[in-house]
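Peer 1: Structure provided below as structure tokens; questions to follow.
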Amino acid sequence: MAKKDTKGITIKKEDDFSEWYTQVIQKADLADYSSVSGCIVYKPNSYTIWEKIQQATDKRFKAVGIQNAYFPLFIPESLLQKEAKHIEGFAPEVAWVTHAGNSPLAERLAVRPTSETIMYDSYSKWIRSYNDLPLRLNQWNNVVRWEFKHPTPFLRGREFLWNEGHTVFATKEEAKAEGKEIIGIYNDVCENYLAMPSLIGKKSEKEKFAGAEYTISMEFIMPNGKAIQGPDFHHDGQIFAKAFNISYTDQNGQQQYAWQNTFAITTRMIGVLIAMHGDDKGLVLPPKVAATQVVIVPILFDSSKNQVLKEAKEIKNKLEKKGINVNFDDRESYSPGWKFNEWEVKGIPVRIEIGPKDLEKHLATIVRRDTGEKQQIELTAIADEVNVLLEQIQKNLLDKAKDVLSSSVVEVDNLEDAKKQLDNKKIIFSPWCGSVECEDNFKEATGAKSLNSPLSQPKLKKDQKCFACSEKAKYWFYLGKSY
């Protein structure tokens with residue numbers, strides 16, 4: 001067999017996370033850089049993960065009555081400016097279309113940074129009566145935000161993919177109640193598919209979504225101690241309803257403004273998954289989002305090639321009948337060791353090796369990607385055993401991620417300890433006053449910011465002081481350095 005150079009990762013994750021992350025993306029064939037700065041090509045290996053996220057989320061949305069729709073990519077400037085706080089939050093990131101061919105447009109068109117304004121222009125025409133509510137629509141699309149910060153594939157890009165749900169209710173109580181349902185859906189997908197737990201809570205006034213009354217976020221902790229925001233839910237109150245005249249006639253014949261929410265999950269989750277589960281060998285995929293859950297590598301010699309291939313194909317058929325996605329790697333131009341390395345870099349959950357010696361014993365060698373553990377399994381039991389193994393890998397990845405999360409959070413009640421723990425790459429959990437001025441001062445002093453405040457609050461001590469400014473504390477908050 002021809003010798004090939006290995007495609008392994010050449011740096012340890014803990015030594016240089018940024019370089020490690022870049023190598024994993026390239027060597028696991030997840031993405032490619034494009035000619036447009038800050039925009040990447042999502043290759044099949046990463047886009048399949050997004051499809052799995054999308055399918056799992058979409059199924060749950062539809063089960064609770066949320067329908068899919070699609071609205072234009074281009075938004076007239078006059079619509080984007082209808083809600084002042086909203087446009088103020090996005091103005092620096094908006095990409096504009098000014099010409100059609102060589103002819104200037106009568107009005108600039110924004111390339112969708114988010115769809116509130118284009119959707120709510122339609123909502124104001126569609127909603128007339130309480131019978132038209134609730135209206136619960138979602139769209140799966142791309143958005144463009146011309147970030148000036150350093151772009152990082154998946155984690156921070158100028159174009160990304162997401163869902164954006166936009167719902168309208170007759171009452172505030174109905175609208176706010178949806179938050180628990182939506183965050184529950186996102187948490188289910190993140191924990192049970194991506195094997196990623198998070199800190200769930202309400203964002204600060206400074207960090208909430210532009211134009212929202214409040215934002216509930218899911219914050220994920222990266223191995224380098226930095227937090228990154230994942231799916232979120234925004235209760236918009238009547239802010240957009242008043243700006244766009246989204247109103248209805250109630251059962252008493254009175255005109256009322258509606259109550260609205262927005263929510264999203266994005267392709268950022270692919271980057272979080274890479275960072276959270278990956279190791280020094282490369283990507284580690286949870287089985288539920290892996291396009292290939294099992295790779296079979298037959299060990300081929302001329303004298304036994306036909307028998308080994310025959311048995312390997314039978315294994316493939318047995319696994320596929322169980323609904324397991326299998327890749328059959330019978331390439332003869334690469335050595336078994338080279339193939340093992342390639343599939344490890346790509347994070348395939350289970351590798352099955354079978355050669356002539358295994359065949360004599362009616363066994364196959366099974367290798368777990370998450371732990372590297374090897375075991376030999378009877379050929380007659382292989383389908384059932386692999387099915388169980390995939391479930392074990394999925395659970396193990398979640399359990400490990402939960403351990404990382406819990407060990408990353410440290411409770412502190414003063415600024416001195418907060419600085420020390422942040423330097424130790426920890427997330428702090430502290431009594432906080434919640435003021436914008438205090439947050440600004442804290443960020444300037446430490447480079448960290450508020451993340452969110454748990455929805456179920458621990459009790460504050462009597463006369464509890466803010467950890468950062470010694471004013472009266474109002475909440476317990478998670479704070480840390482973040483992307």
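Peer 1: Going through region 117-132 one residue at a time, which ones are surrounded by 13 or more Cβ atoms within 10 Å (Cβ to Cβ), modelled with pLDDT of 95 or more and not in a loop (DSSP other than H, G, I, E, B)?
Peer 2: Ile118, Met119, Tyr120, Asp121, Ser122, Tyr123, Ser124, Tyr130, Asp132
Peer 1: Would you confirm whether or not region 408-416 contains a residue that is closer than 28 Å to Pro287 by Cα, part of a helix (DSSP H, G or I) and at pLDDT 95 or above?
Peer 2: Yes; the residues of region 408-416 include at least one that is closer than 28 Å to Pro287 by Cα, part of a helix (DSSP H, G or I) and at pLDDT 95 or above.
Peer 1: Those residues that are outside any strand (DSSP E or B) and either surrounded by 14 or more Cβ atoms within 10 Å (Cβ to Cβ) or over 28 Å from the mean Cα position of the chain (by Cα) (or both), I need them from region 374-391; list them, please.
Peer 2: Once the filter is applied, which keeps residues that are outside any strand (DSSP E or B) and either surrounded by 14 or more Cβ atoms within 10 Å (Cβ to Cβ) or over 28 Å from the mean Cα position of the chain (by Cα) (or both), region 374-391 yields Leu379, Thr380, Ala381, Ile382, Ala383, Asp384, Glu385, Val386, Asn387, Leu389, Leu390.
Peer 1: Just name the residue that is nearest to Lys203 (Cα to Cα) out of those in region 452-475 that are surrounded by fewer than 20 Cβ atoms within 10 Å (Cβ to Cβ) and of a type in the set (Gly, Ala, Ser).
Peer 2: So, considering only residues that are surrounded by fewer than 20 Cβ atoms within 10 Å (Cβ to Cβ) and of a type in the set (Gly, Ala, Ser), the one nearest to Lys203 (Cα to Cα) is Ser456.
Peer 1: Still on this structure, please answer the following. Pick from Phe61, Phe17: which is at pLDDT 95 or above and surrounded by 11 or more Cβ atoms within 10 Å (Cβ to Cβ)?
Peer 2: Of Phe61, Phe17, the one residue that is at pLDDT 95 or above and surrounded by 11 or more Cβ atoms within 10 Å (Cβ to Cβ) is Phe61.
Peer 1: Same structure, new question: If we scan region 261-268, do we find a residue that is of a type in the set (Gly, Ala, Ser) and within 13 Å of Ile348 (Cα to Cα)?
Peer 2: There is no residue in region 261-268 that is of a type in the set (Gly, Ala, Ser) and within 13 Å of Ile348 (Cα to Cα).
Peer 1: Answer with yes or no whether Asn187 is assigned to a helix (DSSP H, G or I) and under 21 Å from Val64 (Cβ atoms).
Peer 2: When the stated conditions are applied, Asn187 passes them.
Peer 1: Within region 231-242, can one find any residue that is under 25 Å from Gly271 (Cα atoms) and either more than 13 Å from the chain's Cα centre (by Cα) or in contact (Cβ under 8 Å) with a residue 60 or more places away in the chain (or both)?
Peer 2: For region 231-242, residues under 25 Å from Gly271 (Cα atoms) and either more than 13 Å from the chain's Cα centre (by Cα) or in contact (Cβ under 8 Å) with a residue 60 or more places away in the chain (or both): present.
Peer 1: Ok, one more. So, in region 155-202, of the ones that are among the hydrophobic types (A, V, I, L, M, F, W, C) and within 15 Å of Arg136 (Cβ to Cβ), which residue ends up surrounded by the fewest Cβ atoms within 10 Å (Cβ to Cβ)?
Peer 2: The qualifying residue surrounded by the fewest Cβ atoms within 10 Å (Cβ to Cβ) is Ala177.
Peer 1: Among the numbered criteria (1) closer than 22 Å to Trp476 by Cβ; (2) out of contact with any Ser or Thr (no Cβ under 8 Å at 6 or more places or on another chain); (3) surrounded by 23 or more Cβ atoms within 10 Å (Cβ to Cβ), which one does Phe220 miss?
Peer 2: (2)
Peer 1: State yes or no: is Thr22 polar (S, T, N, Q), surrounded by fewer than 18 Cβ atoms within 10 Å (Cβ to Cβ), closer than 30 Å to Ser333 by Cα and in contact with a helix residue (DSSP H, G or I) (Cβ under 8 Å, 6 or more places away or on another chain)?
Peer 2: Against the criterion (polar (S, T, N, Q), surrounded by fewer than 18 Cβ atoms within 10 Å (Cβ to Cβ), closer than 30 Å to Ser333 by Cα and in contact with a helix residue (DSSP H, G or I) (Cβ under 8 Å, 6 or more places away or on another chain)), Thr22 does not qualify.
Peer 1: Within region 210-248, how many residues are among the polar types (S, T, N, Q) and within 21 Å of Ile53 (Cβ to Cβ)?
Peer 2: 3
The values are calculated or read from the model by the stated rules, or taken from the named source; none is laboratory data. Please read these numbers as outputs of a predicted model, since none were measured by experiment. So basically every Cβ, Gly included, is an ideal-geometry build from the backbone, and we count neighbours across all protein chains shown.
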